[in-house]
Structure formats: C-alpha cells, structure tokens
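Let me begin by presenting the structure, written as structure tokens, before commenting on it.
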Amino acid sequence: MGIPVNIVGLNKFIKEIPDGNIILLEGKIDPVKTFFVEHIGCTAVKNGRDVVYIASRVIDEIKEELFEYNSDTKSFNIIEERSSRHWKDYIKNNSLLIVDSFSYLMLDKSLYEFRDNLEDLRQVIKEKNSIVLLTVEEGMLDEKAEVTAKYLADGIIIFKKKETSKGISRYVIIPKWKNNMAFNDNIYYDFDGCNMKVDMRSRVV
C-alpha cells in the first residue's frame with residue numbers, strides 16, 4: 001500500500017502515492033511543491049515509514065515548516081547531500097526519499113549523469129518497494145534533462161498558476177500516472193502557505 005494523499009479533493013483523483021514509483025512535482029518558483037512533499041512526508045511518518053529529505057535549503061528552515069504540519073518529526077532524516085550518486089543509498093525498504101529541489105541540485109550534472117542517477121533510483125525503489133518524490137522548478141533544467149526526467153518518472157504532477165482579473169488562479173494537472181493513466185481534469189486549488197484547498201467546482205477554461 002502506498003502513502004495516502006490526505007488532501008480533500010485531490011484524493012478523488014490520486015488516492016495515494018504508489019509504492020515503487022518516482023513522482024515528479026513540477027511548477028514555477030512556488031512554495032506549494034515543497035508544501036506538498038512535506039505533507040506527504042508527514043503522512044509517511046505517521047504510517048511508520050522512514051523518510052529521508054535531501055535538502056537544498058537550510059535544514060532549520062525545513063524543520064520549522066515541518067513542525068507546522070506535524071510536531072512529531074523525529075523520524076525525518078533531513079540531510080544536505082549534493083552528491084546525487086549517493087541518494088540511492090538512503091533508500092530502505094518501504095521508505096520515502098524526498099529531493100527538494102531536484103532541479104537545483106542537478107544543475108551541474110551532465111545529461112549522462114542525470115540519466116544514470118534517475119535510472120539508479122528507479123532500480124532501487126522497485127527492489128525495495130519505496131517511493132521517491134522529486135521537485136522540479138520550471139525552466140531550471142535544460143530541455144533534454146527535463147524531458148529525460150519526465151520520461152523516467154512514473155508519475156508527474158504539475159502545479160500551474162496564471163494571472164486573472166481576480167488575481168492568481170492555481171490548478172494542478174496530472175499528465176502521467178501509474179499504469180499509463182492520465183487525468184484530463186484541471187484541478188483548481190487555493191494555497192495560503194500552510195494549506196492546500198481544492199475547489200472541485202472549478203475548471204480551467
């Protein structure tokens with residue numbers, strides 16, 4: 001069994017993050033991606049999983065954010081590990097590995113290193129029935145690297161936002177999911193920095 005997605009509305013589309021999968025979370029510079037992976041991480045901890053968080057930011061900042069979601073974060077192993085070839089070594093049986101931001105930490109890698117690291121992660125999580133969540137900032141990677149990441153990912157969740165006459169409109173699209181699934185719906189939501197509230201009545205026109 002995977003990690004439940006305990007966000008009302010979104011869980012009508014994806015009920016869980018499935019085991020043995022790499023999930024790519026893509027979007028513009030926006031804290032919602034980090035909120036999402038931290039939220040999933042807290043759920044994983046409550047379900048008894050080991051969670052390793054590869055950080056590209058100051059660790060104390062991440063701990064403060066996590067405390068807002070779950071005061072019991074002792075099971076989070078937050079580390080600064082810029083050597084991506086070692087990331088697979090942190091994956092245990094039925095564990096969760098979060099890399100935030102994957103695109104930032106992979107900026108200096110060649111396309112071959114990039115591909116090999118992702119392939120190594122895929123192999124290990126399949127063997128250990130674990131999950132990897134990777135956040136990607138739109139436009140940070142070159143086109144070949146971005147396409148390679150999407151090709152090797154088992155699922156892709158894209159966080160979109162656009163300016164409207166009433167302010168910023170936010171929505172999620174899921175173009176790739178397990179078993180070759182895809183979702184046609186655009187899933188609107190509001191985000192206040194601490195909560196993601198899905199509006200099931202709205203659709204992108």
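So the values come out like this:
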item: Selection within the stretch 141-175 - in contact (Cβ under 8 Å) with a residue 60 or more places away in the chain and part of a strand (DSSP E or B); result: GLY155, ILE156, ILE157, ILE158, PHE159, LYS160, LYS161, ARG170, VAL172, ILE174
item: Breaking point among (1) surrounded by 15 or more Cβ atoms within 10 Å (Cβ to Cβ); (2) assigned to a strand (DSSP E or B), for ASP190; result: (1)
item: Matching option when the condition is exposed (fewer than 13 other Cβ atoms within 10 Å of the Cβ) and acidic (Asp, Glu), among GLU127, GLU138; result: GLU127
item: Residue in the stretch 193-204 that is touching a helix residue (DSSP H, G or I) at 6+ places or on another chain (Cβ under 8 Å), open to solvent by less than 70 Å² (accessible area, probe 1.4 Å) and on the phi > 0 side of the Ramachandran plot present; result: yes
item: Residues of the stretch 160-174 satisfying the condition of being touching a Phe, Trp or Tyr at 6+ places or on another chain (Cβ under 8 Å) and either loosely packed, with under 12 Cβ neighbours inside 10 Å or not polar (S, T, N, Q) (or both); result: LYS160, LYS161, ARG170, TYR171, VAL172, ILE173, ILE174
item: Failed item in (1) touching a Lys or Arg at 6+ places or on another chain (Cβ under 9 Å); (2) without any contact (Cβ under 8 Å) to a residue 24 or more places away in the chain; (3) aliphatic (A, V, I, L, M), with ILE59 passing the rest; result: (1)
item: Residues (free of Cβ contacts under 8 Å to residues at least 40 places away in the same chain and not charged (D, E, K, R)) located in the stretch 1-56; result: MET1, VAL5, ASN6, ASN11, CYS42, VAL45, GLY48
item: Any strands (runs of 3 or more DSSP E) falling wholly within the stretch 10-126 and containing at least 1 residues that are hydroxyl-bearing (Ser, Thr, Tyr); result: 51-55
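The rows are residues; the columns are (1) out of contact with any Leu (no Cβ under 6 Å at 6 or more places or on another chain); (2) open to solvent by 10 Å² or more (accessible area, probe 1.4 Å).
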residue: ASN94; (1), (2): yes, yes
residue: LEU97; (1), (2): yes, no
residue: TYR104; (1), (2): yes, yes
residue: LEU107; (1), (2): yes, yes
residue: LEU111; (1), (2): yes, yes
residue: LEU118; (1), (2): no, no
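The values are calculated or read from the model by the stated rules, or taken from the named source; none is laboratory data. Remember, it's a predicted structure, so these values are computed and weren't measured experimentally. Glycine also receives a Cβ, built like all others from the backbone with ideal geometry; neighbour counts cover every protein chain displayed. Each accessible area value is taken on the protein alone, full model and side chains, heavy atoms only, with ligands, DNA and RNA left out. Shrake-Rupley method; radii C 1.70, N 1.55, O 1.52, S 1.80 Å.
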